[in-house]
Amino acid sequence: MDSLLDDTVPGNENAQPATEQEGSAKVSFEKSFTAPNGIQFNITTLGEDSIRQMQIIAVRDGIFLTDIMEEIVGELIIVRITDLNDNKNPELLIFTETRDEYEYWHFYAYEFSDKDWNKVYFPELNAEILQGYRGQDVYRLIGKNMLRRTFPIYKEGDAEKASGGNRVIEYMLNDKGEMYVDTVKVNGNK
């Protein structure tokens, strides 16, 4: 799989084996991660279908901070803790993958302070940027403050192999915890 972030812990390699309790969905991912500021994130996903339930329990020094329940699309593949806006509040980045006709990645992100958390959203991309998009995203953290997303561009008539080069989108996180597009460019064929 080439869609790995640098210094990332791939979730599916370290996940607990799927277990099933009577009357409940299978645990498809279960692992703990600790941020530099000591917040521990216990992440569990339930289910094996394309729609799953994810639970994040945040604890610091044995004190419960929050419990987040969210429906996610796809299998949890990558978890990354970072501080993109350098405000000393960690962001928990979660990437899931679906494989239907094409391979698509989905992004879930949360920023945590000592007392609160906020969901971080990717900005909507316009039709021009998404033209020729068929998934196969590759995400990389660039330095401390940027998330780069690259995907092949399929031109009309491309069946298996993309001939339009790669679209590169660079995201940053502002002081308010809002993700924004910093740069969009095309590398390779046009």
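Structure notes:
- With contacts taken as Cα pairs under 8 Å at a separation of at least 6 residues, the stretch 9-187 carries a relative contact order of 12 percent.
- If you take all other residues with their beta carbon under 12 Å from the beta carbon of Val184, and give Lys and Arg +1 and Asp and Glu -1, the sum is +1.
- Just checking the listed ones, Pro90, Pro123, Pro152: in the Gaussian network model of the chain with Cα springs under 10 Å, the one fluctuating most is Pro123.
- Summed residue charge, Cβ within 9 Å of Gln53's Cβ, Lys/Arg positive, Asp/Glu negative: -1
- Loop-located GluC sites (Glu not before Pro) in the stretch 101-189 (DSSP state other than H, G, I, E, B) with a sparse environment of at most 13 neighbouring Cβ atoms within 10 Å: Glu101, Glu124, Glu156, Glu160.
- Candidate lysines - alpha carbon under 30 Å from Lys155, same-chain residues fewer than 8 apart omitted: Lys185, Lys190
- Shown here for the stretch 69-102: trypsin sites (Lys or Arg not before Pro) in loop regions (DSSP other than H, G, I, E, B) with at most 11 other Cβ atoms within 10 Å, namely Lys88.
- Calculated [θ] (222 nm, deg cm²/dmol) that DSSP helices of n ≥ 4 give over the chain, each run adding -39,500 (n - 2.57): -500 deg cm²/dmol
- Global form of the stretch 9-187, assessed from the alpha-carbon gyration tensor, a/c cut-off 1.5: oblate
- Members of Lys31/Lys144; Lys88/Lys144; Lys115/Lys144; Lys26/Lys115; Lys88/Lys176 lying beyond 21 Å, as alpha-carbon distances in this model show: Lys31/Lys144; Lys115/Lys144; Lys26/Lys115
- Spin-label model distance (nm) - Asn166 vs Phe64, 7 Å beyond Cα toward Cβ: 4.5 nm
- Relative to the current alpha-carbon distance between Glu71 and Ile142, full extension at 0.36 nm per residue lengthens the span by 22.7 nm.
FYI, it's all coordinate maths here, none of it is from the lab. All of these numbers come straight from a predicted model, not from anything done at the bench. Note that each Cβ is placed from the backbone with ideal geometry, even for glycine, and that neighbours are counted across all protein chains shown.
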